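For reference, the structure discussed in these notes is given below.
The values are calculated or read from the model by the stated rules, or taken from the named source; none is laboratory data. Values in this document were obtained by computation on a predicted structure and should not be read as measured data. As a convention, Cβ positions derive from the backbone with ideal geometry for all residues, glycine included, and neighbour counts pool all protein chains shown.
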C-alpha cells in the first residue's frame, strides 16, 4: 500500500508541475462558474445546482481524457515505465497508484465548486434540500472515476498521449450516443438493453437526491473492471 500511495503522490505532484493541469482546472472553474451564475441563480426560479452538475458531468467526458492521457503512456514513451515495472511493485500497484493520483487531482478540481453550494445555501430562501446536492457530488465522483479508469486503460495500451486522449474521448462519446440516442431508433428490447447501460439516467437519479445502491455498483464495477484490464495489459507488457 505504501508503494501505491507513493506512486499516487508522485503522479499528483507531476500534474501540478505541468501547464496542462492548471489549464484544465482554470477552464473547468470558469465554465462551471458561468453555469452557476446564469443557470443556478435565476430570479424567480428555485435555486438548484442541477445545471452545474449536468454541465460538470458533460465536462468529465473531456476532462478525464486530458487528465489520464499521460498516466502510463508518458512513462512508456520516456522509457521510465520499464524501470518502474522492474521495481519490486506489482502491475496492480502501479495502475492503482496512477489512478489514485488522477482521482486526487479530480477531487481537488471539484473542491472549489463547494463554494457554489455554500453560496446557494446561504443566499437562497427557502434553502435548497441538501440531499440532492450531496447526491450530485457523489455522482460526479463516480462518473469521474469511471472516465478516469477508462483513460487509464487507454494510456496503458499506447505510448501516444494523443491516441490515449482520442481513444478515451471517442469511447465516451460513442457510449453516450449508443445509450441515449440509439435506444430511440432500435427495437424496444435492444433499446432497453442499451438504455440500461446509460449513465445519464443514473445521474438523473442522483440529481433528484435518490442514492440507489444499484447505481453505485454500476459505476464501481465498471471502474474496477477497467482498472483490472489495465493491470493485465501492463503485466503482459512486462513479459514481452
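From the list 132, 128, 112, which one is in contact with a helix residue (DSSP H, G or I) (Cβ under 9 Å, 6 or more places away or on another chain), touching a residue at least 40 places away in the same chain (Cβ under 8 Å) and exposed (fewer than 14 other Cβ atoms within 10 Å of the Cβ)?
112
One line per residue, one yes/no per condition, for (1) touching a strand residue (DSSP E or B) at 6+ places or on another chain (Cβ under 9 Å); (2) under 30 Å from residue 120 (Cα atoms); (3) free of Cβ contacts under 8 Å to residues at least 60 places away in the same chain:
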{"position": "141", "(1), (2), (3)": "no, yes, yes"}
{"position": "144", "(1), (2), (3)": "no, yes, no"}
{"position": "147", "(1), (2), (3)": "no, yes, no"}
{"position": "153", "(1), (2), (3)": "no, no, no"}
{"position": "157", "(1), (2), (3)": "no, no, no"}
{"position": "160", "(1), (2), (3)": "no, no, no"}
{"position": "168", "(1), (2), (3)": "no, no, no"}
{"position": "172", "(1), (2), (3)": "no, no, no"}
{"position": "179", "(1), (2), (3)": "no, no, yes"}
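Give region 1-19 a look and list any residue that's out of contact with any helix residue (DSSP H, G or I) (no Cβ under 6 Å at 6 or more places or on another chain), assigned to a helix (DSSP H, G or I) and either over 23 Å from residue 70 (Cβ atoms) or modelled with pLDDT under 85 (or both), or say none.
Answer for region 1-19, where residues must be out of contact with any helix residue (DSSP H, G or I) (no Cβ under 6 Å at 6 or more places or on another chain), assigned to a helix (DSSP H, G or I) and either over 23 Å from residue 70 (Cβ atoms) or modelled with pLDDT under 85 (or both): just 2.
I'm trying to understand the selection: among the residues of region 111-127, which are at pLDDT 85 or above and either outside any helix (DSSP H, G or I) or closer than 12 Å to residue 36 by Cα (or both)?
Hits for region 111-127 are 113, 114, 115.
Output the helices (runs of 4 or more DSSP H) that fall wholly within region 164-240 and possess 3 or more residues being at pLDDT 90 or above and under 26 Å from residue 134 (Cβ atoms), or say none.
Once the helices (runs of 4 or more DSSP H) in region 164-240 are filtered for at least 3 residues that are at pLDDT 90 or above and under 26 Å from residue 134 (Cβ atoms), what remains is 213-238.
Within region 50-77, take every residue that is surrounded by fewer than 19 Cβ atoms within 10 Å (Cβ to Cβ) and without any contact (Cβ under 8 Å) to a residue 24 or more places away in the chain and give me the one that is nearest to residue 163 (Cα to Cα).
Only one residue fits best here, namely 58.
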